[in-house]
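Contents: one structure, followed by commentary.
The values are calculated or read from the model by the stated rules, or taken from the named source; none is laboratory data. Everything numeric here is computed off the predicted structure, so don't read it as measured data. Don't worry about glycine lacking a Cβ; one is built from the backbone with ideal geometry, like all the others, and counts go over all protein chains shown.
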Number of protein chains: 2
Amino acid sequence: MTARTAADRVTDHPDADDITLQGVLEALADPVRRSIVRQIAHAPGDMACGTFDISVTRSTGTHHFRVLRQSGVIRQYYAGTSKMNTLRRDDLDLVCPGLLAAVVEAADREAVRAGGARR
Amino acid sequence: MTARTAADRVTDHPDADDITLQGVLEALADPVRRSIVRQIAHAPGDMACGTFDISVTRSTGTHHFRVLRQSGVIRQYYAGTSKMNTLRRDDLDLVCPGLLAAVVEAADREAVRAGGARR
């Protein structure tokens with residue numbers, strides 16, 4: 001029996017080949033999840049779960065991160081005790097080239113029209 | 001009292017300013033609706049409702065066309081007794097530049113991987 005490593009703790013990522021357009025669109029068709037994606041897209045690096053500006057309960061937030069992870073939109077990994085989040089840009093660009101960038105850009109435009117908020 | 005024209009019969013299209021990313025993503029996050037969009041995208045011209053290759057009942061098809069119309073993805077108009085469908089490419093490119101093209105391209109790729117069917 002081997003010791004569990006930190007990587008073992010976040011295991012249910014789809015392989016790139018198993019990412020589907022259907023799953024990605026369902027993941028992005030939610031305003032909270034788009035906000036999470038935008039925040040990572042505009043961050044200087046990967047983001048820890050506790051650092052997002054989202055107006056939902058912790059359990060609802062956990063659900064949204066899980067949908068993003070299981071659809072292949074984000075990759076989660078541990079850095080010490082922090083669960084970090086990064087966009088799977090390269091994998092998504094194999095399945096749906098340009099889609100992530102188009103959604104982030106459109107969401108940015110809507111945020112500007114709504115009053116300039118970054119989320 | 002004025003006579004009703006053919007144009008009056010399909011009235012509930014959003015103005016371009018009222019098209020939202022949320023509505024567009026919800027509309028496209030359904031495989032039947034994506035199939036409809038792809039068929040129009042690849043057709044040489046606008047398509048009459050009765051000419052689509054979709055494997056749902058007539059009433060379900062009507063629902064899907066309504067969602068596409070009310071989200072601003074398609075415009076419907078009458079030509080004689082035929083209800084015609086066209087993509088609102090220019091209006092969509094104001095709200096979410098590149099999104100429609102990215103979704104159609106990704107759906108094309110999936111169709112090719114699934115066996116080359118056009119839908």
I need the full set of residues from segment A:85-106 which are surrounded by 19 or more Cβ atoms within 10 Å (Cβ to Cβ) and within 22 Å of A:G50 (Cα to Cα), in order please. A:N85, A:L87, A:R88
Quick check: is even one residue across segment B:75-85 more than 14 Å from chain A (Cβ to nearest Cβ), in contact with a His (Cβ under 9 Å, 6 or more places away or on another chain) and of a type outside the set (D, E, K, R)? yes
Out of (1) surrounded by 15 or more Cβ atoms within 10 Å (Cβ to Cβ); (2) of a type in the set (A, V, I, L, M); (3) out of contact with any strand residue (DSSP E or B) (no Cβ under 8 Å at 6 or more places or on another chain), the one B:A114 does not meet is (1)
What pairs can you find where one residue is in segment A:95-115 and over 18 Å from B:A101 (Cα atoms), the other is not small (G, A, S), and their Cβ atoms are less than 6 Å apart, with a gap of 6+ or different chains? A:E110/B:L21
Would you call B:T51 of a type in the set (S, T, Y) and either touching a residue at least 12 places away in the same chain (Cβ under 8 Å) or buried (at least 18 other Cβ atoms within 10 Å of the Cβ) (or both)? no
Among the numbered conditions (1) surrounded by 13 or more Cβ atoms within 10 Å (Cβ to Cβ); (2) in a loop (DSSP other than H, G, I, E, B); (3) more than 14 Å from chain B (Cβ to nearest Cβ); (4) modelled with pLDDT of 95 or more, tell me where A:V56 comes up short. (4)
Condition first: of a type in the set (S, T, Y) and part of a helix (DSSP H, G or I). Can you find one or more residues in segment A:76-87 that meet it? no
Residues that are aromatic (F, W, Y) and either touching a Ser or Thr at 6+ places or on another chain (Cβ under 8 Å) or in contact (Cβ under 8 Å) with a residue 40 or more places away in the chain (or both): does segment B:72-85 have at least one? yes
Qualifying residues in segment A:10-31 (those that are under 12 Å from A:V103 (Cβ atoms) and within 7 Å of chain B (Cβ to nearest Cβ)) - the one surrounded by the most Cβ atoms within 10 Å (Cβ to Cβ): A:L28
